[in-house]
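Have a look at the structure below, then the notes.
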Amino acid sequence: MRTATLPAVRVTPETRSLIESVLREGETLSTFIEQAAVGQAQWRQEDDAFHARGLAAAARLDAGGPSFTADQSLARLRALAQKAFETKSA
């Protein structure tokens, strides 16, 4: 597979020193930057998907879908947590 090059990133000497100070054994500045870029891109994909799910839920609610009070939601979560605790303790 062919590789591609990301644009050069200009940083202050302090920023470069900071990054270099946290590199792990055998890790290069290039791999650190690549992993950071990929991680940020993945986080943004997940954030976009989360936002889309929220908009879809709001649309369902506006269309007359079911809604629950905070107390109902918390009661359900507490029941699930209690069941999980009991299952783990058994």
Quick one: compute a quarter of the convex hull surface over the Cα atoms of the chain and quote it in nm².
13.2
In segment 1-61, which trypsin sites (Lys or Arg not before Pro) fall in coil by DSSP and have 14 or fewer other Cβ atoms within 10 Å?
2, 10, 24
For segment 1-81, run through the GluC sites (Glu not before Pro) and keep only the ones in DSSP coil with at most 16 other Cβ atoms within 10 Å of their Cβ.
25, 27
List the chymotrypsin sites (Phe, Trp or Tyr not before Pro) within segment 15-90 that fall in a DSSP loop (any state other than H, G, I, E or B) and whose Cβ has at most 16 other Cβ atoms within 10 Å.
68
Difference of contour (0.36 nm per residue) and Cα-Cα distance, residue 38 to residue 69
7.3 nm
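Read-outs throughout are calculated quantities, based only on the coordinates presented, and are distinct from any laboratory measurement. These numbers come from a predicted model, not from an experiment. Positions of Cβ are backbone-derived with ideal geometry, glycine not excepted, and every protein chain shown enters the neighbour counts.
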